[in-house]
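Below is one structure, written out as structure tokens; comments come after it.
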Amino acid sequence: MGQPIEKKRRFMEQYKGDVEPLLRYLPWLERKRGENVSTFYDGEGLGESSMVFPVYESELLNFVKQARSSGLIDKNYVYVYSRYRITGTKQELALIRGATGKDVEILTAVLSKYVCGGMTKGQLWTQAVEEGIFYEILKKFQELFLQWR
């Protein structure tokens, strides 16, 4: 009987310190779900030769920065995607919503894909907010913490 309690305690110890600072973004992520959180700066007045680049809301940039510095980012997330044969957003969301304490690697892999991938494909950050991926991951962590107190 003590073994499940010990597993829960280790889970809480391992992830709580990394997840708790991110939970402050939950209300913002919930509000921004379905909305575009970036615009494109096209070098106003510079003409056709200028390059456009995305400009993100500061809250998104703060979230990404904090997530990147947490222990939740796994640069080998591609292997988890391969192992679970994750192919798209609908499948990601279904796996996140169905995750249990044993499936934390799925949560961290999906978070990693969007946080790390967004460093080169900026649209991934916007997509993760619009489609509620960041929100669902944090909500699931919060749910697991409440369930395992």
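Scanning segment 60-77 for residues that are in contact with a helix residue (DSSP H, G or I) (Cβ under 8 Å, 6 or more places away or on another chain) and aliphatic (A, V, I, L, M), we see that the one that is farthest from LYS113 (Cα to Cα) is LEU60. Report whether or not SER112 is surrounded by fewer than 21 Cβ atoms within 10 Å (Cβ to Cβ) and of a type outside the set (A, V, I, L, M). No.
Candidates MET51, MET12: the one that is at pLDDT below 70, of a type in the set (A, V, I, L, M, F, W, C) and outside any strand (DSSP E or B) is MET51. In segment 80-92, the qualifying residues are those that are within 17 Å of the chain's Cα centre (by Cα) and either among the β-branched types (Val, Ile, Thr) or not in a loop (DSSP other than H, G, I, E, B) (or both), and the one that is surrounded by the most Cβ atoms within 10 Å (Cβ to Cβ) is GLU92.
Would you check if LYS102 is out of contact with any Leu (no Cβ under 8 Å at 6 or more places or on another chain), without any contact (Cβ under 8 Å) to a residue 40 or more places away in the chain and more than 17 Å from THR39 (Cα to Cα)? Answer is yes for this residue.
The values are calculated or read from the model by the stated rules, or taken from the named source; none is laboratory data. Quantities reported herein were computed from a predicted structural model and do not represent experimental measurements. All Cβ positions, glycine included, derive from the backbone under ideal geometry; neighbour counts span all protein chains shown.
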